[in-house]
Amino acid sequence: MTAQETKLKGCFILSPQVFKDSRGYFFESFNEEKFTELTGASGRFVQDNQSFSEYGTVRGLHLQTGGAAQAKLVRVISGVVLDVAVDLRPDSETYKQWVAVELNAEDNNQLYVPRGFAHGFSVLSETAVFAYKCDNFYNKSAEGGIRYNDPALNIDWKIPQDKMLLSEKDLILPFLD
């Protein structure tokens with residue numbers, strides 16, 4: 001496994017070593033020791049989540065606040081997504097900046113999103129199965145988020161506006177400022 005830090009401090013793209021032969025492939029999707037060595041972050045995750053979505057789905061931008069904040073390690077099991085992380089740590093040199101990474105089932109890369117970030121993704125393929133680990137349990141009372149089309153961020157989700165599929169909850173999230 002290798003790790004490359006994005007322009008956002010503490011946010012990493014992780015690439016596994018994939019072993020292929022005539023039968024198929026094998027790769028280690030997570031190893032706590034390697035993860036911690038490469039990122040400097042704790043590799044302790046307590047909850048795994050998975051979603052299935054159709055083309056045009058935009059989920060986010062979501063976060064958990066306060067003591068319920070979550071770091072996430074995200075990957076795509078099938079399909080292609082544009083994964084977006086927004087740095088909301090007020091003391092960070094990249095505060096209010098974002099990064100977008102295309103994740104797919106072909107290269108099996110993952111994105112590590114630290115605590116203090118908002119996170120979301122859009123589905124670029126016909127369908128996608130998206131999975132992620134969280135280092136803290138979900139807490140409904142600590143839900144937060146930023147509207148997907150916040151003009152202060154100007155995120156290009158790579159989906160035409162008329163093709164976007166959004167939840168009612170995501171449509172009413174507040175703007176950043």
Selection of chymotrypsin sites (Phe, Trp or Tyr not before Pro), segment 117-177, meeting DSSP coil and at most 13 other Cβ within 10 Å: Phe137, Tyr138, Phe175
Rg in Å to one decimal, and Dmax rounded to a whole Å, for segment 101-177 via C-alpha atoms: 13.9, 37
Gaussian network model of the chain, Cα springs within a sub-10 Å range: biggest mean-square fluctuation belongs to which of Val113, Val99, Val84? Val99
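From the Cα gyration tensor of segment 13-53, with a ≥ b ≥ c the square roots of its eigenvalues, which class applies: rounded if a/c is under 1.5, or else prolate if a/b is larger than b/c, or else oblate? Kindly include the intermediate steps, with their values, before the conclusion.
Working: a/c = 2.63, a/b = 1.32, b/c = 2.00.
Note, shape of segment 13-53 comes out oblate.
What percent do you get for the relative contact order of the chain when only Cα pairs under 8 Å and 6+ apart count? Write out the running numbers ahead of the final one.
Numbers: 404 pairs, mean separation 51.0, N = 177.
Reported relative contact order: 29 percent.
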In Hz, Karplus ³J(HN,Hα) per residue of segment 151-164 (6.51, -1.76, 1.60; θ = phi - 60°; x = Gly, Pro): x, 5, 9, 6, 7, 8, 7, 6, 10, x, 3, 6, 9, 6
So, in nm, how far is label Phe26 from label Asp48 when the simple model puts each one 7 Å beyond its Cα toward the Cβ? 1.8
Simple label model, 7 Å out from Cα along Cβ direction - Ser125 to Glu37, nm: 3.0
Counting only residues 5 or more places away or on other chains, whose amide H sits under 5 Å from the amide H of Asn139 once H atoms are built in the peptide plane? none
Rounded to whole Å, give me the distance from the Cα center of segment 129-177 to that of segment 44-85. 10
Taking trypsin sites (Lys or Arg not before Pro) that fall in a DSSP loop and have at most 16 other Cβ atoms within 10 Å as cut points, what is the longest piece of the chain between them? 97-157
Residues with amide H under 5 Å from that of Cys11, placed H, sequence gap 5 or more: Thr6
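How long are the three semi-axes of the equivalent ellipsoid for the chain, computed from the Cα gyration tensor as the root of 5 times each eigenvalue, in whole Å, largest first? Walk me through the numbers before you get to the answer.
Values: eigenvalues 125, 84, 42 Å².
For the chain, the semi-axes come out at 25, 20, 14 Å.
Throughout, read-outs are computed from the coordinates displayed, never taken from laboratory work. As the structure is a prediction and not an experimental result, all values here were calculated from the model. Positions of Cβ are generated from backbone atoms using ideal geometry, with glycine treated the same way; all protein chains shown enter the neighbour counts.
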